[in-house]
1. Can you list residue pairs whose Cβ atoms sit under 8 Å apart, with the first residue in the stretch 1-22 being touching a residue at least 24 places away in the same chain (Cβ under 8 Å) and farther than 30 Å from residue 59 by Cβ and the second being of a type in the set (Gly, Ala, Ser) and assigned to a strand (DSSP E or B)? Count only pairs 6 or more apart in sequence or on different chains.
2. Condition check: over 16 Å from residue 112 (Cα atoms) and aromatic (Phe, Trp, Tyr). Does residue 25 satisfy that?
3. Would you mind stating whether residue 96 is surrounded by fewer than 17 Cβ atoms within 10 Å (Cβ to Cβ) and not hydroxyl-bearing (Ser, Thr, Tyr)?
4. May I ask you to verify whether residue 79 is at pLDDT 95 or above, touching a Phe, Trp or Tyr at 6+ places or on another chain (Cβ under 8 Å) and surrounded by 15 or more Cβ atoms within 10 Å (Cβ to Cβ)?
5. Specify which of the listed residues (11, 41, 29, 122) is modelled with pLDDT under 95, surrounded by 13 or more Cβ atoms within 10 Å (Cβ to Cβ) and in contact with a strand residue (DSSP E or B) (Cβ under 6 Å, 6 or more places away or on another chain).
6. Any chance you could count how many residues in the stretch 10-45 are assigned to a strand (DSSP E or B) and farther than 19 Å from residue 67 by Cβ?
7. Check off (1) within 25 Å of residue 12 (Cβ to Cβ); (2) among the aliphatic types (A, V, I, L, M); (3) in a loop (DSSP other than H, G, I, E, B) for residue 122 and give me the number that stays unchecked.
8. Name the pairs: first residue in the stretch 113-129 and free of Cβ contacts under 8 Å to residues at least 60 places away in the same chain, second residue part of a strand (DSSP E or B) and of a type outside the set (A, V, I, L, M), Cβ to Cβ under 9 Å, at least 6 apart or on different chains?
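The values are calculated or read from the model by the stated rules, or taken from the named source; none is laboratory data. Computed from a predicted structure; not experimentally measured. Heads up, the Cβs are rebuilt from the backbone with ideal geometry, glycines too, and the neighbour counts pull from every protein chain shown.
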Amino acid sequence: MSLGRCGEKVAHFTSVQEKPLDPKFGVKAYIRWLISKDDGAETYSMRLFRIDVGGRINGHTHPWEHEIFVIKGSMKVRIGSKWYRVSEGYFLYVPPNVEHEYVNDGNQESIFICVIPNKPTAEKKVVKC
């Protein structure tokens, strides 16, 4: 990993430790915090998720949005009450406060980038859709 004179961070993703999600948040699911406020990024954080076959990230909500890009594999994603089938090359926007979950029911691991703001972007409330 290279931290530059201007505060930039340039690295290969494998230089960041992959950690399993807490079992209350998901099973057979892993995260790498590629860029975060700990690196000096004031506005956004970038995470790399991996979900093994049969794994999931449980339904949850929070007062910030997500921007997601699927790099590998396929999975089902629920946003509100609607399920979507996504695979390599798909992108998703998940609005704040909308319940969402991810299920890898495919035949290979799913890998996706997820960008989130470092601060809430909305008041915390329940959004049903």
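1. 9/2
2. Spelling it out, residue 25 is indeed over 16 Å from residue 112 (Cα atoms) and aromatic (Phe, Trp, Tyr).
3. no
4. So residue 79 fails the test.
5. 41
6. Total meeting the criteria: 7.
7. Among (1) within 25 Å of residue 12 (Cβ to Cβ); (2) among the aliphatic types (A, V, I, L, M); (3) in a loop (DSSP other than H, G, I, E, B), residue 122 violates only (1).
8. 129/82
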